[in-house]
Amino acid sequence: MVKPIEKAQNSNAPTRVAGTGLAAPDMRSTVQSLAKGFRVLEAFTAETPELTMSEVGLAAGLDPGTAHRMLATLVSLGYVVKIPETKRFRLTLKVLDLGFNALAHQDMRAIVRPYLRDLVGHLGEAASFAVLEGPDVLYIERVRAGAIRLGVDIRVGSTLPAHISAIGQSMLAFLSEPDMKRIVIADANRTHSYQDKRSVADVMPALRKIRKKGYALAPSTLTEGLRIIAVPVLDVDGHPVGAISVAAPAVRATIEEFETSALEPVRAAAKQIARALEASGSTSF
């Protein structure tokens, strides 16, 4: 049952939902179209897994035109499907990704963190772990070497186009052909603010070399004077479930010296993480 909204006695005090002690949302700061989209998703329940457009509109409190636009958008995004030869719709399993991805990422952070810390303690350089999120890399965990900052604004939760980063390329190189085609399609016509404007097609030769070697080693495309070595974390089928990268200032060593000192420890950490993720069941998300 929806709680009634209590009027605040002080006009400057926040309005609160009766019986909860919680402030009611400021409608001026909400996106109503997004809220309507979620109401459409919530219209489908275990008791009503299939609905017509008019039933969706009634359950979500939307007029027919808005219900039509919302359903068309959700169908195009893959969260809803129209049942063939009927006028009914149902949710797809993709909606589970919204929850499963968040849970899996939290589990992965807990699993990955001690391995990154060991790596940083051994090498004295910053280490990161990331996963592919469509055509982007999403940073799940990052451990710095003490208080040292490398001049790159990468934090947990940061994303960037996978094909312009060493950690992203190390994963793209091991994707199957169908998965790679999906990345190319998803990345088409996208724009971003990074200086590296290469397309996915531009980096294909580099990806073939990375797959052959098993790792990526390159100057950072985000910060001048920084080198990155990245190794994918592969599951039992050879699919990349993530990747580790280590970043080091170029002034500390030649690229050959950096490769010699960092490659085997990063490879070992990638294998340990792969085994830990497999044992925990966190490799599929």
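The values are calculated or read from the model by the stated rules, or taken from the named source; none is laboratory data. Quick caveat: nothing in here was measured; it's all calculated off a predicted structure. Note that each Cβ is placed from the backbone with ideal geometry, even for glycine, and that neighbours are counted across all protein chains shown. These area figures cover heavy atoms from the full protein model, side chains too; ligands, DNA and RNA do not enter into them. Shrake-Rupley method; radii C 1.70, N 1.55, O 1.52, S 1.80 Å.
Structure summary
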{"read-out": "Number of the condition not met by G134 [criteria: (1) farther than 17 Å from P232 by Cα; (2) open to solvent by 20 Å² or more (accessible area, probe 1.4 Å); (3) modelled with pLDDT of 85 or more; (4) not β-branched (V, I, T)]", "value": "(1)"}
{"read-out": "Selection within the stretch 73-88 - within 30 Å of the chain's Cα centre (by Cα) and surrounded by 13 or more Cβ atoms within 10 Å (Cβ to Cβ)", "value": "T73, L74, V75, Y79, V80, V81, K82"}
{"read-out": "Test: residue in the stretch 11-31 that is at pLDDT 85 or above, within 30 Å of A186 (Cα to Cα), hydrophobic (A, V, I, L, M, F, W, C) and loosely packed, with under 12 Cβ neighbours inside 10 Å", "value": "no"}
{"read-out": "Of all residues making up the stretch 204-238, the number that are in a loop (DSSP other than H, G, I, E, B), modelled with pLDDT of 95 or more and either over 10 Å from F174 (Cα atoms) or within 22 Å of the chain's Cα centre (by Cα) (or both)", "value": "1"}
{"read-out": "Test result for T260, of a type in the set (V, I, T), in a helix (DSSP H, G or I) and open to solvent by 90 Å² or more (accessible area, probe 1.4 Å)", "value": "yes"}
{"read-out": "Contacts under 8 angstrom Cβ, first residue in the stretch 168-193 being touching a residue at least 24 places away in the same chain (Cβ under 8 Å), partner of a type outside the set (A, V, I, L, M) and open to solvent by 50 Å² or more (accessible area, probe 1.4 Å), 6 or more apart", "value": "A173/R208; A173/R211; F174/R211; F174/H239; L175/H239; S176/H239"}
{"read-out": "Residues that are out of contact with any Asp or Glu (no Cβ under 8 Å at 6 or more places or on another chain) and either open to solvent by 50 Å² or more (accessible area, probe 1.4 Å) or of a type in the set (D, E) (or both), drawn from the stretch 40-58", "value": "E42, T45, A46, E47, P49, E50, M53, S54, E55, L58"}
{"read-out": "Criterion (in contact with a Ser or Thr (Cβ under 8 Å, 6 or more places away or on another chain) and not hydroxyl-bearing (S, T, Y)) met by exactly one of P232, P249", "value": "P232"}
{"read-out": "Subset of the stretch 118-140 [acidic (D, E), farther than 18 Å from A262 by Cα and assigned to a loop (DSSP other than H, G, I, E, B)]", "value": "none"}
{"read-out": "Subset of the stretch 153-182 (residues that are loosely packed, with under 14 Cβ neighbours inside 10 Å and in a loop (DSSP other than H, G, I, E, B))", "value": "D153, R155, G157, S176"}
{"read-out": "Long-range neighbours under 6 Å by Cβ, at least six apart or interchain, first residue under 17 Å from A126 (Cβ atoms) within the stretch 258-281, second small (G, A, S) and surrounded by 17 or more Cβ atoms within 10 Å (Cβ to Cβ)", "value": "F258/A248"}
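Residue-by-condition table, conditions (1) charged (D, E, K, R); (2) at pLDDT below 95; (3) part of a helix (DSSP H, G or I); (4) open to solvent by less than 70 Å² (accessible area, probe 1.4 Å):
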| site | (1), (2), (3), (4) |
| --- | --- |
| R142 | yes, yes, no, yes |
| I148 | no, yes, no, no |
| V184 | no, yes, yes, yes |
| D202 | yes, yes, yes, no |
